[in-house]
Amino acid sequence: MLPRSSLENIVSDKVVDVAVGVLIREDGRMLLGSRPEGKPYAGYWEFPGGKLEKNETVHQALARELEEELGIALADSTPWFVKEHVYPHAHVRLHFRRSHDFVGTPVPKEGQECGFYAANERTPGLMLPVDQAIVNRVELPEVFEESSDLLTLSRNALQATIVRDRSYRWVGARAETMDDVLKAVAMDYDFVIVPPEAFDGLLVNGEPRIPTYVDGAPAADLAFWQAKGAHGVKPVM
Ligand SMILES: Nc1nc2c([nH]c(=O)n2[C@H]2C[C@H](O)[C@@H](COP(=O)(O)OP(=O)(O)OP(=O)(O)O)O2)c(=O)[nH]1
């Protein structure tokens, strides 16, 4: 029989699915709020959201949490990426979804604070460390233009082609295979660029693991790729 502490570790290893909303206002600012008293990391700032209940889709969970916590009606949202993180209190699988399509002015219903912030603006309290890096990604462009926006660095020790934008805000990788994508995820890169035919194979339950650009897809297909979870599309040069 396993000692009690090992059993507890196994129990706490259960992965908790969490719906997280990146709600972007017309002026490009995103909705952030503080965690209410009584929850782990109370007072830290985060994107709105919460745990999935039984039989809920991620969108449904997000819509429910936004209504319950902030009185916001979420009309539509698209998958962005999934990130796993192990906290001392839980192993979470965060399903980030983006939305420009919501109605209502947020009114905190659980004693929290909230507001719309630009990516380079400081919230009154610390962001959850996991979220801090993601705030920077919210301004990733819908479309990267190969020659003007991106610099391709030489293949690095990981044998993947590393790409960054000209202002050093984001670093990504050109991923030909799932193995390349997993390396980029493990290195916490901000995005991957994949060939269109590889895109579906990189999805886990319909969601990418990292913000994903589809290489060479015409910009006219942007809505098509976004509905599938691609964050942006690089136009044919
Ligand atoms: N809502 C939210 N949770 C996040 C973010 N980033 C992050 O690591 N998390 C973690 C913190 C928590 O461990 C977990 C979410 O759980 P929670 O306690 O907020 O969920 P909940 O509202 O359903 O809580 P409850 O009903 O159990 O009180 O996900 C984020 O941006 N938003």
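Filter segment 14-56 for residues that are more than 6 Å from the ligand (Cβ to nearest atom), in a strand (DSSP E or B) and closer than 14 Å to G115 by Cα and give the result. Listed by number, the residues that qualify are G21, V22, L23, I24, M30, L31, L32, G33, S34, W45.
Kindly evaluate P36 against the criterion of being closer than 27 Å to A184 by Cβ and either buried (at least 20 other Cβ atoms within 10 Å of the Cβ) or at pLDDT below 95 (or both). No: the conditions fail for P36.
Taking segment 115-131 as the range and being surrounded by 15 or more Cβ atoms within 10 Å (Cβ to Cβ) and either among the acidic types (D, E) or within 12 Å of the ligand (Cβ to nearest atom) (or both) as the test, the residues that pass are T123, M127, L128, V130, D131.
Restricting attention to segment 63-83, which residues are more than 10 Å from the ligand (Cβ to nearest atom), surrounded by fewer than 21 Cβ atoms within 10 Å (Cβ to Cβ) and part of a strand (DSSP E or B)? Talk me through it step by step, then tell me what you get.
Our first condition is that a residue be more than 10 Å from the ligand (Cβ to nearest atom); within segment 63-83, this holds for 63, 66-67, 70-82.
Of the ones still in play, those that are also surrounded by fewer than 21 Cβ atoms within 10 Å (Cβ to Cβ) are 67, 71, 73, 75-76, 78.
A73, A75, D76, T78 - these are the residues of segment 63-83 that are more than 10 Å from the ligand (Cβ to nearest atom), surrounded by fewer than 21 Cβ atoms within 10 Å (Cβ to Cβ) and part of a strand (DSSP E or B).
Within the option set V86, V82, being more than 15 Å from V135 (Cβ to Cβ), free of Cβ contacts under 8 Å to residues at least 60 places away in the same chain and outside the structural domain of P208 (by TED's automatic domain parsing) holds for one residue only, V86.
Listed here are the residues, each with its yes/no results for (1) outside the structural domain of R64 (by TED's automatic domain parsing); (2) at pLDDT below 95; (3) at positive phi.
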residue: F96; (1), (2), (3): no, no, no
residue: F102; (1), (2), (3): no, no, no
residue: P106; (1), (2), (3): no, no, no
residue: E110; (1), (2), (3): no, yes, no
residue: A119; (1), (2), (3): no, yes, no
residue: P124; (1), (2), (3): no, yes, no
residue: P129; (1), (2), (3): no, yes, no
residue: A133; (1), (2), (3): no, yes, no
residue: L150; (1), (2), (3): yes, yes, no
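Checked against the criteria, V103 does not count as over 15 Å from the mean Cα position of the chain (by Cα), of a type in the set (V, I, T), away from the ligand (no atom under 12 Å from the Cβ) and more than 29 Å from G232 (Cα to Cα).
Taken across segment 128-146, residues that are assigned to a strand (DSSP E or B) and touching a residue at least 24 places away in the same chain (Cβ under 8 Å) do not occur at all.
Report, by residue number, each residue of segment 18-65 that is among the β-branched types (V, I, T) and within 16 Å of H89 (Cα to Cα). Let's see the steps before the verdict.
Here is the first cut: in segment 18-65, the residues among the β-branched types (V, I, T) are 18, 20, 22, 24, 57-58.
Matches in segment 18-65: V18 only.
The values are calculated or read from the model by the stated rules, or taken from the named source; none is laboratory data. All figures in this text were calculated on a predicted structure; none of them were measured in a lab. A quick note on method: Cβ atoms are made from the backbone with ideal geometry, for glycine too, and the neighbour counts reach across all protein chains shown.
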